[in-house]
Amino acid sequence: MPKVKIKQIIKMLFLSFLILNIFIITKCNANTDEELIKDAKPAEFSQDFLNWLKLSDKQKKKTIMPVIYEMPEEKESTSGYNTMFSRFYEIFAKSVESTYSLKDEIELRVKNQGNTSECWAFTFTNIIESTISKATGKFSDEYSPRHIDYSCTRDFLNNKINDYGFDRELGEGGTYLNAISYLAGGHGPVLEKDMPFVNDDTKKIDISEIQNKEVKKHIEGATIFEPIYKKIDTSGNISYYTNTLKNSQMSESKVAEIRGNIKQHIKQYGGVYTITTGYLNDTNYNEKNASLYSSNTTDNLMMHAMTIVGWDDGYSKDNFVTKPMTDGAYICLNSYGTNSYDDKGYVYVSYCDLFVETNLAGITNINDKDFDSVYQYDELGFNTYVSYKNDEIYTSNLYTRKNTNKKEYLSEVGTYIVSDTDVEVYVDPTRKYK
């Protein structure tokens, strides 16, 4: 009986199922079916998402939809291992230097999204390319944001439906969860030359334009970082929280730890996805210094995704229109070209910015595509979760192979993990399928 035991501290690990007929039992910890159902606790909607639902359709189109569900708060592990999120890099985070930038180490493209709402897709291609460049030491091929955007959409010309697309309208933007599911499902990325940028993301196209493209890479690991939510009073004083309800405070030492982990990820793997306000029309943006600090939700909404490629702990708070409480800023690669209102394509976003640390994700491993088929039931990726009080649960999946005329071999097994978990995988334990 093949058996794999996985100790995983990354928030998300998803390798793919490439198989014959297989039966998989994943042991995370449980008792009887009745007890399992009784103890199950569905994820709760995030307050940011509930607030977003109240916006007008016009406002929604100008903002990025927040993560729908509250992420589980980190708890200490009884196994002696720390839980995922920031603890993943604990061994490194203590010695992170005060300033660093990927652009001083690898070549980065400064792209231009034009008049589209594809900032999120541009950001994820930046992450893909920086991760490849960090791993190989070579300048990465360029990947297509347009393919990400349209592949994550359902409706196409002639009433054609993309079964792997999300229920989102063209031109409304997207999230890092959309992009991660696109990559994890084996739908991309494809090269920029295979689906070049068009400065219009609202026009429906024929579904054939996203199909039959050569997928060049396969994502094998990603991390979503524990979010830091903030309240900033009129004097600039900051309180930190673990959730969007802002009813559970986070210590400053914890904030420092998470920031250390974000920095270490950048240094070790590549860029990190973030979102903040649409700074081009933002009174909190200092065009001279290419610096951004948003301190309230009354005048500002989460509207724009960028790629964090570095940091400067000594970046002066005097460089911002409104002075934050402390020095320090993330160095962000933007997507409006080199002739925009920033520093040749880069923006300095204060550590104190209200939004910059609320939606953070990165890739830890991406390799050449080396499989024929992906078998899965979560085509739309990680969108929600159910938590249990039990220490142990069992789940199973049964897949039927697509091609019975040739042998297929299981090479990878993957899952989304939201806490420190021991996983045991059994492949066809009854030997029923040959």
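Below, the figures for the structure above:
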{"read-out": "Among the residues listed as Asp378, Asp370, the single one being in contact with a helix residue (DSSP H, G or I) (Cβ under 8 Å, 6 or more places away or on another chain) and either open to solvent by 70 Å² or more (accessible area, probe 1.4 Å) or at pLDDT below 80 (or both)", "value": "Asp378"}
{"read-out": "Pair list, Cβ < 6 Å and 6+ apart or interchain, from the range 197-224 residues that are of a type in the set (Asp, Glu) to residues that are in a helix (DSSP H, G or I) and at pLDDT 90 or above", "value": "Asp201/Asp149; Asp206/Leu157"}
{"read-out": "Strands (runs of 3 or more DSSP E) wholly inside the range 138-252 containing at least 3 residues that are open to solvent by 10 Å² or more (accessible area, probe 1.4 Å)", "value": "229-232, 238-241"}
{"read-out": "Of the criteria (1) more than 17 Å from the chain's Cα centre (by Cα); (2) open to solvent by 10 Å² or more (accessible area, probe 1.4 Å), which one Ile132 fails", "value": "(1)"}
{"read-out": "Any hit, the range 364-378, residues being of a type in the set (A, V, I, L, M, F, W, C), under 30 Å from Lys317 (Cα atoms) and under 21 Å from the mean Cα position of the chain (by Cα)", "value": "no"}
{"read-out": "Any hit, the range 292-304, residues being surrounded by fewer than 23 Cβ atoms within 10 Å (Cβ to Cβ), in a helix (DSSP H, G or I) and touching a Phe, Trp or Tyr at 6+ places or on another chain (Cβ under 9 Å)", "value": "no"}
{"read-out": "Residue satisfying all of: in the range 88-117; at pLDDT below 90 and hydrophobic (A, V, I, L, M, F, W, C); surrounded by the fewest Cβ atoms within 10 Å (Cβ to Cβ) among these", "value": "Ile91"}
{"read-out": "Hey, Gly328 under 30 Å from Asn199 (Cβ atoms) and open to solvent by less than 50 Å² (accessible area, probe 1.4 Å) or not", "value": "no"}
{"read-out": "Per-region count, the range 305-325, residues within 26 Å of Ile224 (Cβ to Cβ), modelled with pLDDT of 95 or more and assigned to a loop (DSSP other than H, G, I, E, B)", "value": "2"}
{"read-out": "Extreme residue, most open to solvent (accessible area, probe 1.4 Å), among residues of the range 269-284 that are at pLDDT below 95 and either assigned to a loop (DSSP other than H, G, I, E, B) or closer than 18 Å to Ile308 by Cβ (or both)", "value": "Thr283"}
{"read-out": "Qualifying residue in the range 59-73 (condition: of a type in the set (D, E, K, R) and at pLDDT 95 or above)", "value": "no"}
{"read-out": "Options Gly314, Gly310: the member that is within 20 Å of Glu97 (Cβ to Cβ), surrounded by fewer than 17 Cβ atoms within 10 Å (Cβ to Cβ) and not polar (S, T, N, Q)", "value": "Gly314"}
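Residues checked against (1) of a type outside the set (S, T, N, Q); (2) farther than 15 Å from Ser335 by Cα:
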{"site": "Thr116", "(1), (2)": "no, no"}
{"site": "Thr123", "(1), (2)": "no, no"}
{"site": "Ser133", "(1), (2)": "no, yes"}
{"site": "Gly173", "(1), (2)": "yes, no"}
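The values are calculated or read from the model by the stated rules, or taken from the named source; none is laboratory data. Computed from a prediction, not measured in an experiment: that's the story for all the values here. Positions of Cβ are generated from backbone atoms using ideal geometry, with glycine treated the same way; all protein chains shown enter the neighbour counts. Quick note on the areas: whole protein, heavy atoms, side chains included, nothing else; ligands and nucleic acids left out. Shrake-Rupley method; radii C 1.70, N 1.55, O 1.52, S 1.80 Å.
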